[in-house]
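Only one structure is covered here, and it is reproduced in the block below.
Every read-out reported here was derived from the displayed coordinates using simple, explicitly stated rules and does not represent laboratory data. Keep in mind that this is a model prediction, so the values were computed, not measured. No Cβ is skipped: glycine too gets one built from the backbone with ideal geometry, and neighbour counts run over all protein chains shown.
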Protein chains: 4
Amino acid sequence: MKSDKREIIRQSAIKIFYAEGFHQATTDRIAAEAGVSVGTIYNYFRSKEDVLGYIFQVELEKRVRYLEGLQKQDLSIADKFGGFLAMHFAQVKEDPALASILIRERNLPHKRSVAVIEDFQARILEHFEGMFEEALKKQEIRPCNPKLAALLVFGAMEAVISRALGKGAGGLDRGFLEDAAREIPMLLFRAFGLPDLGPDPDQPDGRDRQAQPGEEAQPVHQARPEMDILLD
Amino acid sequence: MKSDKREIIRQSAIKIFYAEGFHQATTDRIAAEAGVSVGTIYNYFRSKEDVLGYIFQVELEKRVRYLEGLQKQDLSIADKFGGFLAMHFAQVKEDPALASILIRERNLPHKRSVAVIEDFQARILEHFEGMFEEALKKQEIRPCNPKLAALLVFGAMEAVISRALGKGAGGLDRGFLEDAAREIPMLLFRAFGLPDLGPDPDQPDGRDRQAQPGEEAQPVHQARPEMDILLD
Amino acid sequence: MKSDKREIIRQSAIKIFYAEGFHQATTDRIAAEAGVSVGTIYNYFRSKEDVLGYIFQVELEKRVRYLEGLQKQDLSIADKFGGFLAMHFAQVKEDPALASILIRERNLPHKRSVAVIEDFQARILEHFEGMFEEALKKQEIRPCNPKLAALLVFGAMEAVISRALGKGAGGLDRGFLEDAAREIPMLLFRAFGLPDLGPDPDQPDGRDRQAQPGEEAQPVHQARPEMDILLD
Amino acid sequence: MKSDKREIIRQSAIKIFYAEGFHQATTDRIAAEAGVSVGTIYNYFRSKEDVLGYIFQVELEKRVRYLEGLQKQDLSIADKFGGFLAMHFAQVKEDPALASILIRERNLPHKRSVAVIEDFQARILEHFEGMFEEALKKQEIRPCNPKLAALLVFGAMEAVISRALGKGAGGLDRGFLEDAAREIPMLLFRAFGLPDLGPDPDQPDGRDRQAQPGEEAQPVHQARPEMDILLD
DNA sequence: TATGAATGAGACTTCATTCAT
DNA sequence: TATGAATGAAGTCTCATTCAT
């Protein structure tokens with residue numbers, strides 16, 4: 001089966017790119033890791049860069065599929081971000097090497113042929129932006145520049161992942177990732193949430209204002225089993 | 001003068017690294033750009049990587065010097081971040097190519113010899129963290145994890161710069177950078193500021209609480225002439 | 001076939017190292033001589049030094065195999081040295097370029113990786129020493145320091161080869177080599193041989209002592225067909 | 001004084017050539033060792049090779065002067081060789097680094113400009129040959145090929161020095177050198193000496209022949225104060 | 001005479017990619 | 001489809017030598 005080999009090569013490339021960086025990684029090492037010969041790589045990919053592009057593409061598609069799934073559901077922006085965050089972080093935990101590559105190699109100047117890499121960030125940002133725009137329309141959040149907001153959230157998120165992955169070291173700081181997953185939605189809520197709706201999680205007694213009757217604290221992150229199918 | 005050549009080479013390397021990326025950049029091109037011969041580069045630097053390291057070092061020192069200057073002054077955390085943001089963004093405007101390198105090459109797996117590159121983010125984060133810790137002690141801000149907070153701010157900031165620089169293209173989106181400089185402090189204030197002290201800049205009339213007499217709205221970012229001298 | 005190319009490269013390297021000396025020789029020239037591309041050299045050898053090491057190794061193995069073959073046979077020390085000398089000189093005649101390299105590059109300070117080069121002389125000396133020790137035990141020769149004796153013989157032998165090869169010039173002085181092959185054993189006999197057993201080849205009439213009946217003048221160097229198979 | 005600097009550079013070059021080998025040695029290192037700048041080296045020598053040539057020249061002259069001194073004296077060949085051996089070995093002990101260079105770099109293919117290096121061995125051999133020829137004429141020794149004899153002696157001598165110096169290691173095996181100095185003349189005597197004149201040092205009681213009246217055992221090596229002035 | 005920064009040709013080695021089997 | 005030996009362009013770095021000061 002063709003996709004079999006392609007997949008094996010992709011997996012092996014992830015290991016090698018992670019361990020050595022894209023430029024230092026050699027096709028020989030990838031082939032050895034995959035248990036095939038160099039020639040075989042070129043039967044499934046046009047070039048080494050193409051392998052990297054494919055790695056990005058697969059991940060991009062996962063995220064986009066997930067984001068499109070979120071879009072169709074009638075969720076608050078908090079739940080949407082919470083959902084994406086959970087999914088994104090889960091992927092990082094599942095394959096830290098992959099996550100590392102996604103961050104390290106993203107900004108590098110690659111040939112035109114690997115447009116996917118440039119798309120990765122752009123496509124996710126578009127979705128984030130759409131989420132902010134919709135929330136603005138629905139007056140879920142305070143007025144803000146949705147482009148900028150999307151970018152800030154994305155940047156913060158990636159910095160957290162980058163840090164959790166450490167500097168090329170072996171381990172993944174899972175505790176840090178979990179702390180972040182808990183705190184980020186709260187901060188987002190404070191930063192963007194409408195003042196008269198947003199409860200202050202730190203002051204549940206509501207010292208300076210009374211909770212309105214019928215008002216419910218909105219858990220920013222909750223299990224959403226119907227979304228899990230979106231993950232491969 | 002020795003530092004003369006070293007500086008010329010540094011400047012030329014910035015241009016070439018920016019245009020071609022560190023790995024694609026050749027020592028021949030750098031030498032040509034600097035108007036010296038290849039050998040001369042190696043009279044001032046141990047290796048190509050050493051040149052990159054020096055580029056990071058110079059910028060790191062600028063930032064650290066500025067941050068240490070801020071530390072000594074009795075400023076609110078808002079003013080501190082505002083100040084650093086202004087300074088950092090000003091540097092980006094002054095030399096977008098340099099800013100681009102700082103972001104693109106930061107995460108690459110370089111040899112141990114270029115520890116400066118690994119230090120760059122770490123040192124700035126330490127300062128950010130220190131600022132958050134101090135603000136917490138002074139009860140300027142809500143309780144939060146200072147490590148995480150520092151990281152989020154840093155990540156958001158870098159994402160903005162990355163976006164403003166565009167994807168390797170020539171231009172710098174100055175408008176975007178300025179918008180960001182205006183909005184980020186506000187968001188930080190909302191996300192971290194203490195509720196009973198932080199005025200809501202969107203609602204200057206103070207619908208939900210009365211401004212205290214003598215209380216002045218603190219513009220998060222204002223000209224601080226005494227700091228300007230810190231920028232070389 | 002792998003060993004095919006390796007052998008071609010070895011042969012070509014011998015030519016080039018001989019003509020230009022190891023340091024002046026370039027991998028490009030070796031590749032050209034071998035009719036392959038530079039890269040191919042590095043498919044069969046780790047480095048230029050490795051090629052030199054391999055050249056020494058092949059020759060060392062030839063000599064050692066021959067010396068071990070001699071060891072197993074019940075020969076007088078004279079026959080042993082005579083045999084080795086004949087074999088060694090034959091190799092020199094067959095490939096003077098190779099012989100030249102073996103002498104010229106032997107003393108150079110090479111990297112640790114080319115330990116074979118250091119082994120070359122050491123291993124042959126060990127065998128020589130062993131031959132002297134055995135002869136001493138069998139009282140074939142006068143008392144002497146076997147280490148020193150081995151060294152003197154080796155040095156004398158190499159000086160002869162060095163001279164016969166000329167100073168880097170093209171030719172090999174075959175006559176000189178043959179003269180030496182004839183005279184050296186005689187001198188060895190005189191220098192080390194037991195006085196009451198050693199016939200004086202210059203005075204076959206035995207002026208100062210009578211040849212014992214049944215005693216045969218031992219030609220130090222005679223055809224030993226059974227040894228020829230030891231030469232590849 | 002011009003020769004002052006030239007001498008300092010020569011001494012420094014000896015140290016560096018010894019430690020790193022001629023090719024690996026850099027002019028920078030030599031200059032640093034000499035406490036001058038690279039440029040200065042080129043004020044006293046035409047090239048790096050020229051420095052090496054000068055090193056050989058100085059030593060060659062020492063040896064030749066000594067050999068010429070010997071020639072003028074009415075000494076037996078044994079005394080002559082004994083004298084040269086003593087002097088040569090004394091030089092080795094005095095400056096092992098220098099001796100090492102003389103052996104290591106002698107066979108290398110150097111540019112034509114450094115003919116001295118090629119002369120070194122040739123000139124000494126000529127003298128040896130002359131000594132043998134004269135001894136033959138005076139019937140001091142058995143008939144032999146003086147060219148070959150000279151070569152064998154030279155080769156044996158150099159092998160001993162090479163071994164005593166070790167393989168580039170720090171130390172000099174002085175004991176070995178002294179043993180050799182004692183044994184070599186004896187072996188030479190046996191190999192070349194006339195049978196009816198040569199006493200057998202192993203059998204001082206003269207088992208197989210009577211010492212002639214008035215015949216004195218000739219010590220092969222004795223103090224010759226009149227020669228010491230020849231050593232700088 | 002001394003300096004030492006500048007030079008630049010040229011060396012070794014790597015490695016993505018090809019293609020005959 | 002799989003192989004892997006062969007390719008060769010290209011890159012980094014070295015270092016003997018020069019020459020203006």
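A few points about this structure:
- Assuming charge only on the beta carbon of Lys and Arg (+1) and of Asp and Glu (-1), the dipole of region A:53-193 about its Cα centre is about 220 debye to the nearest 20.
- With its label point defined 7 Å out from Cα along the Cα-to-Cβ axis, D:Glu7 lies at 4.7, 5.9, 8.2 nm from the matching points of the other copies, in increasing order.
- Pairwise FRET efficiency - B:Ala19 versus A:Lys137, Cβ, R0 = 51 Å, nearest 0.05: 0.75
- Cα centroid separation, region A:142-183 to region A:58-124 (Å): 12 Å
- With a 10 Å cut-off around each Cβ of D:175-183, the average count of Cβ atoms from other chains is 2.
- Note on A:Lys72/A:Glu49: beta-carbon distance plugged into 1/(1 + (r/R0)^6) with R0 of 45 Å gives a FRET efficiency of 0.85.
- Distance between modelled label sites at C:Lys62 and D:Glu7, nm, 7 Å Cα→Cβ extension: 4.9 nm
- Members of A:Lys48/A:Lys147; C:Lys72/C:Lys147; B:Lys62/B:Lys93; A:Lys48/A:Lys93 lying beyond 24 Å, as alpha-carbon distances in this model show: A:Lys48/A:Lys147; A:Lys48/A:Lys93
- Dipole axis of region C:1-45 (+1 Lys, Arg; -1 Asp, Glu on Cβ), positive-most option in C:Ala34, C:Ile8, C:Ala19: C:Ile8
- Packing, taken as the mean count of other beta carbons within 10 Å per residue, orders the peptides C:35-43, C:73-81, C:96-104, C:143-151 from highest to lowest as C:96-104, C:143-151, C:73-81, C:35-43.
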